[in-house]
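Here the structure is laid out as structure tokens; the discussion comes afterwards.
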There are 2 protein chains.
Amino acid sequence: MSKKMDPRVVRTRHMLRDALVELIHERGYEKITVQDITSRATLNRATFYLHYRDKLDLLYQSSEEILNDLTGRINLSFDGEFDFSSDKPHGIFIQLFEQISQNSRLYKVFLTEKNMPHFTSSLMDVIIDFISKGMNNVQPDDQMLTVPREIAVRYYAAAFLGVIVWWLEEDTPYTPKYMATQVMRLAVKGPYINNPI
Amino acid sequence: MSKKMDPRVVRTRHMLRDALVELIHERGYEKITVQDITSRATLNRATFYLHYRDKLDLLYQSSEEILNDLTGRINLSFDGEFDFSSDKPHGIFIQLFEQISQNSRLYKVFLTEKNMPHFTSSLMDVIIDFISKGMNNVQPDDQMLTVPREIAVRYYAAAFLGVIVWWLEEDTPYTPKYMATQVMRLAVKGPYINNPI
DNA sequence: TTGCTTTATCAACATTGTGTTGATAAAATT
DNA sequence: AATTTTATCAACACAATGTTGATAAAGCAA
């Protein structure tokens, strides 16, 4: 897919994406113009319009690329098994934190800068998807759930995403494996030792 | 505070805020201009600049007003007690869903429309605050937590917010009290009946 | 009510950014 | 080496911005 692309196109889009990320970090998405992006990328403004309709289009396409990459890698490390009985986090959880860690600059900007909502909800969709698969795997019977399935899925997906955002805001102070273990523990055991449930 | 305001000012700001909410719903925040907002509000464009610096300023001030209102009401219904041993949701949880339900149009637009990130993170701060207080109340000893406190706080705050967003996206299919019960149950008991923890 | 103050309206203006075009140069592909 | 594709550049009409000064209308205080 990306192999049959003209190298100039690849280069140009990379430069535009990088410029976008930098500028959002510096000024916030609202305060950036197409002019700013192209001059930061040392490209002509007309070149921008050869690739993207407008600023929002660049943002969306960049989000899509990075998230397609993530889902691809998550699916690779999903062996169809979910084991929630131990403290050991599932490979998917580790993979999730691992991938984000490796692109932390982009993820941090897209997830934590003010007025960057689209990316957050797209990543949420990715997480909802694998949480949903995981729950179906562990307990396919709706009768055995304490709350409606869709609410539980949202609950855990949002919890995970929230921890990811915190982790990025703090500039990834813990390893991906450690983080995966923490969210696993909260989901399985809750926050308190000797939980009186 | 709002009592000593000129009624024309109150009226104008209300109209601008309402127009903003409507237009975001129709076209998305990105696609709106100050022109659009004032003509929808049947006001002169110059009047807009009498009150707000730009589109973003209107958004931020509107967010702040609605969230100040929310925190005020939450604090009123906080009696200093937290009881997580039963299924009965705490008054704060109910109050949270109740308030959002009563302003569901604005909350839905501000929380679920693409590219509306600021409001989401502000509401997150509100929720983080009371979750944090609640956890300190139940278990002030860090040694008795399964994970670092700040991670747990983020985890539960994000989980709650995620459920709220889902609930708004689905046009509030359940009552506030029902919703408060569900998130309470997930936090305390987890998703599965006969949880083998 | 009257007089004073504040707010909203309106038209006009310079400025900035947008999105497009047609011609030219440079790079990649075959 | 010939052909196709991409990037550059200058120029364009258009739309939106943010500000101004004058006028009218609404609110307030006595």
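From the cross-link list B:Lys55/B:Lys108; B:Lys133/B:Lys189; A:Lys177/B:Lys133; A:Lys133/B:Lys189, which pairs have alpha carbons spaced over 25 Å apart? Don't jump to the answer; show the numbers that get you there.
Numbers: B:Lys55/B:Lys108 19 Å; B:Lys133/B:Lys189 20 Å; A:Lys177/B:Lys133 29 Å; A:Lys133/B:Lys189 21 Å.
Too far apart for the 25 Å limit: A:Lys177/B:Lys133.
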Residue-ordered couplings for region B:151-167, obtained by feeding phi - 60° into the Karplus form 6.51 cos²θ - 1.76 cosθ + 1.60 and rounding to whole Hz (Gly and Pro as x), are 5, 4, 4, 4, 4, 6, 4, 5, 4, 4, 4, x, 5, 4, 4, 4, 4
Per the C-alpha gyration tensor (a ≥ b ≥ c, the square roots of its eigenvalues), the protein assembly as shown is rounded if a/c is under 1.5, else prolate if a/b beats b/c, else oblate; here it's oblate
With Cα coordinates, the longest principal axis of chain A makes an angle with the long axis of helix A:7-27, in degrees rounded to 10, of 70
Residue by residue through region B:30-36, the couplings from Karplus 6.51 cos²θ - 1.76 cosθ + 1.60 with θ = phi - 60°, in Hz, x for Gly and Pro, are 4, 8, 9, 10, 4, 4, 4
The relative contact order of chain A, taking Cα pairs under 8 Å that sit 6 or more residues apart, comes to a percentage of 23
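Relative contact order of region A:1-52, please, whole-number percent, based on alpha carbon pairs below 8 angstrom and at least 6 residues apart.
Values: 24 pairs, mean separation 17.3, N = 52.
Relative contact order for region A:1-52 comes out at 33 percent.
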note: region B:1-52, Cα-Cα separations exceeding 14 Å make up a percent value of 50
at B:Ser104 the sorted inter-copy label distances (label 7 Å from Cα on Cβ side), in nanometres, are 4.1
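Within 10 Å of each candidate Cβ there may be at most 14 other Cβ atoms; applying that plus a DSSP loop requirement, which GluC sites (Glu not before Pro) in region B:114-179 survive? If you can, show how the numbers build up before the last one.
Working: sites: B:Glu150, B:Glu169, B:Glu170; in loops: B:Glu170.
Of the GluC sites (Glu not before Pro), the ones in loops of region B:114-179 whose Cβ has at most 14 other Cβ atoms within 10 Å are B:Glu170.
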Taking the label point 7 Å from Cα along the Cα-Cβ vector, the copy-to-copy distances for B:Thr33, listed from shortest in nm with one decimal, are 1.4
Under the Karplus relation with 6.51, -1.76 and 1.60 and θ = phi - 60°, whole-Hz ³J(HN,Hα) for region A:127-136, x at Gly and Pro, equal 5, 3, 4, 7, 5, 4, 4, x, 5, 4
Taking placed amide H atoms and a strict 5 Å upper bound, the residues 5 or more places from B:Tyr192 or on another chain that come that close are A:Thr146
Here, A:Asp142 and A:Arg45, labelled 7 Å along Cα→Cβ, have an inter-label distance in nm of 5.5
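Looking only at other chains, what is the average number of their beta-carbon atoms within 10 angstrom of each beta-carbon in A:162-169?
Working: counts 14, 10, 2, 4, 8, 2, 0, 1.
Per residue, the number of nearby Cβ atoms from other chains is 5 on average.
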Any aspartates and glutamates whose Cα falls less than 13 Å from that of A:Lys31, other than same-chain ones fewer than 8 residues away, would be A:Glu22, A:Glu113, B:Glu30, B:Asp54, B:Asp57
Answer check: chain A, Cα atoms, Kirkwood Rh, Rg/Rh ratio of 1.04
Correct semi-axes for region A:96-197, from √(5λ) of the alpha-carbon gyration tensor and rounded to whole Å with the largest first, are 26, 17, 11
Taking chain B and counting helices only, DSSP H stretches of n ≥ 4 at -39,500 (n - 2.57) each over all residues, the nearest-500 ellipticity at 222 nm comes to -22500 deg cm²/dmol
With the label set 7 Å along Cα→Cβ, B:Ala46 is separated from its counterparts in the other copies, in nm and shortest first, by 4.0
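Each value in this text was obtained by applying a stated rule to the coordinates, not by laboratory testing. For clarity, every value in this text was computed on a predicted model and none was experimentally measured. Neighbour counts are summed over all protein chains in view; Cβ atoms, including those assigned to glycine, are modelled from backbone coordinates with ideal geometry.
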